[in-house]
Amino acid sequence: MGYQVQNFTRTEMSPVLKWQILTAMRFIWPEGFEGVNLDRTWICPGEFYPLHFIATDFTRDGSSKSAKIVISHGAVLQRDLMHCGETFRVLGLGGVYTLPAFRHSGVASDLVMKATDHILTRPRADVAIATCRPELVGWYSRFGWVPIKEGRIIPTTETENGQPLDEVLLMLFISEKGRRAETLFREEPIYFGRDVW
Ligand SMILES: CC(C)(COP(=O)(O)OP(=O)(O)OC[C@H]1O[C@@H](n2cnc3c(N)ncnc32)[C@H](O)[C@@H]1OP(=O)(O)O)[C@@H](O)C(=O)NCCC(=O)NCCS
């Protein structure tokens, strides 16, 4: 496949790419496009400063190359998170998908590897957080993500008494401060304050 992986901030991304990603996500994760999010026009919340890693291929009409189609996507996100009385700079990975017709060709592996390298080289990153279904733990582990546990992230604040997410928490321990806090992240609930990425 002649795809290429590039990254774009929200403002750099063309509307043609953005709307392909939104439409794919609407089918893959319909629960994210219901209720107050029925007319959602954002891929990831802007407050997390998303950097979108996008694999594109060309549509072929006859012999000529024409428009770009987004075959795979994943976003690197960032926020500060208070955990056990300390503030950590947390990066993350969300919205990872490949269009069904392009799966099992290594595209998402390539993209996730590039996004993970990007996360690991951010100078201010302490830890990184992602979540996945149990059957994808082995796949994310290939890229260095450490599976922690299911039910570890609470998508509310500590006082709101929220239910834990039933996905597996995956982490990277990046800075000295992040590595020192590994036990706290493994053992204490993480109050994310809202939906994870
Ligand atoms: C997971 C996903 C992104 C993988 O994309 P992809 O481009 O096919 O990934 P790759 O080709 O690089 O790797 C595929 C490998 O991942 C693993 N894999 C993918 N989906 C899997 C699943 N549902 N269960 C178990 N393993 C899976 C397999 O080991 C597979 O290896 P194979 O191709 O040798 O069989 C794609 O299946 C997808 O978009 N799924 C729906 C959305 C989703 O679940 N995203 C992850 C959110 S955490």
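Any chance you could run the full-extension gain for residue 103 through residue 59? It's 0.36 nm times the residue separation minus the Cα-Cα distance, nm to one decimal.
Stretched fully, the residue 103-residue 59 segment lengthens by 14.2 nm.
Using only the alpha carbons, work out the radius of gyration and Dmax of the chain in angstrom.
17.3, 61
In percent, what relative contact order does region 121-197 have, based on Cα pairs under 8 Å that are 6 or more apart in sequence?
40
Which length gain, in nm to one decimal place, applies between residue 4 and residue 146 when the Cα-Cα distance is subtracted from 0.36 nm times their residue separation?
In short, 48.4 nm is gained.
Working out 0.36 nm times the residue gap between residue 27 and residue 110, then minus their Cα-Cα distance, what length gain in nm do you get to one decimal?
Values: separation 83, 0.36 × 83 = 29.88 nm, distance 2.29 nm.
Between residue 27 and residue 110, full extension yields an extra 27.6 nm.
Which whole-number percent gives the relative contact order of the chain, counting Cα pairs below 8 Å spaced six or more residues apart?
17
Given Cα pairs under 8 Å that are at least 6 residues apart, what percent is the relative contact order of region 24-141?
Computed value for region 24-141: 20 percent relative contact order.
List the lysines whose alpha-carbon lies under 25 Å from that of residue 68, not counting same-chain residues fewer than 8 positions away?
18, 114
Can you work out the FRET efficiency for the pair residue 86 and residue 49, with r the C-beta to C-beta distance and R0 = 25 Å, to the nearest 0.05?
Taking R0 as 25 Å, the efficiency between residue 86 and residue 49 is 0.75.
Apply 1/(1 + (r/R0)^6) to the Cβ-Cβ distance of residue 36 and residue 159, taking R0 = 25 Å, and write down the FRET efficiency to the nearest 0.05.
Here the calculated transfer efficiency is 0.70.
Taking the Cα centre of the chain as origin, sum charge times position over the Cβ atoms of Lys and Arg (+1) and Asp and Glu (-1), and report the length of that vector in debye to the nearest 20.
680
Throughout, read-outs are computed from the coordinates displayed, never taken from laboratory work. Predicted model only: the values in this text are computed from it and were never measured. Every residue, glycine among them, receives a Cβ derived from its backbone with ideal geometry; neighbour counts consider all protein chains shown.
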